[in-house]
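First comes the structure, then the notes that go with it.
Only the coordinates and a few stated rules stand behind these numbers; no lab work does. Since this is a predicted model, take the numbers as computed values, not measurements. Here the Cβ is made from the backbone with ideal geometry for all residues, glycine too, and neighbour counts use every protein chain on show.
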Amino acid sequence: MPIYTQPTDVALLDPEELSQLLLLAVEEATRAAERYDERTASAQPVPEVFGHLTDSAGNNLQRIVRLSLAPALELPGYQQEGWVRVQHYAERPWSEVLALWRALNLHLAHVIAHVKREHLGRVWRFEGEDLTLGFIIEDYVAHLRHHMRTLPA
């Protein structure tokens, strides 16, 4: 699994601040996405990028909810290209892909804001690594920002 940021000591993390960071990234990404219309988005891999980001939001939502309910989690990662291929994001209207991505991320930010601080140290065991809930949230925001930098102009 690619890592997009360095972990912060979970004692220094605040779920409300993490939620606000995600909301800021969502607003920035929405502005970037709105420069595309149906024609320009479909002529580039933009729907696939936002489809991947939708999948990532869904997978991370599951991790966050599950780690809010249990101290440890063992789930597989996900096959990015396979998920995008199976869901056929490029065949949906761009406006629907963007709306789905945005709604899911706004909900994710809401859930993050309500994570208990004491749960931020809970662990997802993935491929021999222990990733804390706090890191999962931080890395998700960094992942979103990374993909925004790769969008075609």
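When the helix-only estimate is applied to the chain (DSSP H runs of n ≥ 4, each -39,500 (n - 2.57), divided by the residue count), what is the mean residue ellipticity at 222 nm, nearest 500 deg cm²/dmol? Could the numbers behind the result be given before it?
Numbers: 6 runs with 93 residues, N = 153.
Calculated mean residue ellipticity at 222 nm is -20000 deg cm²/dmol.
What spacing in nm lies between the two simple spin-label points modelled at ARG125 and GLN44, each 7 Å away from Cα in the Cβ direction?
4.3
Just to verify a number: FRET efficiency for ASP9 and GLN62, C-beta to C-beta distance, R0 = 35 Å, to 0.05?
Working: r = 25 Å, r/R0 = 0.71.
Computed FRET efficiency for ASP9 and GLN62 comes out at 0.90.
Relative to the compact globular guide of 2.2 N^0.38 Å, what is the alpha carbon radius of gyration of segment 32-91, as a ratio? Provide the component values of the computation, followed by the final result.
Numbers: Rg = 14.7 Å, N = 60, 2.2 N^0.38 = 10.4 Å.
Scaled against compact globular proteins, the figure is 1.41.
List the GluC sites (Glu not before Pro) within segment 14-59 that DSSP assigns to loop and that have no more than 10 neighbouring Cβ atoms inside 10 Å.
Numbers: sites: GLU16, GLU17, GLU27, GLU28, GLU34, GLU38, GLU48; in loops: GLU34.
Loop-located and lightly packed - GLU34.
List the GluC sites (Glu not before Pro) within segment 82-153 that fall in a DSSP loop (any state other than H, G, I, E or B) and whose Cβ has at most 14 other Cβ atoms within 10 Å. List each step's numbers first, then the result.
Details: sites: GLU91, GLU96, GLU118, GLU127, GLU129, GLU138; in loops: GLU127.
Passing both the DSSP loop test and the Cβ count: GLU127.
What distance in nm separates the simple spin-label points at GLU17 and LEU151, each placed 7 Å from Cα in the Cβ direction?
For the pair GLU17/LEU151, the computed spacing is 2.7 nm.
Can you list which of the trypsin sites (Lys or Arg not before Pro) found in segment 36-116 are DSSP loop residues with at most 16 other C-beta atoms within 10 Å? Before the final figure, lay out each step's value.
Working: sites: ARG39, ARG63, ARG66, ARG85, ARG102, LYS116; in loops: LYS116.
For trypsin sites (Lys or Arg not before Pro) across segment 36-116 that sit outside H, G, I, E and B with at most 16 neighbouring Cβ atoms in 10 Å, the list reads LYS116.
Given the convex hull over the Cα atoms of segment 1-108, what projected area results after averaging over all orientations, in nm²?
7.7
Apply the Karplus curve 6.51 cos²θ - 1.76 cosθ + 1.60, θ = phi - 60°, to the phi angles in segment 12-23 and return the couplings in whole Hz, x for Gly and Pro.
Using θ = phi - 60°, the values come out as 8, 8, 10, x, 5, 5, 4, 4, 5, 4, 5, 4 Hz.
Percent relative contact order of the chain, based on C-alpha pairs within less than 8 angstrom and at least six residues apart? Provide the component values of the computation, followed by the final result.
Details: 173 pairs, mean separation 67.4, N = 153.
It rounds to 44 percent for the chain.
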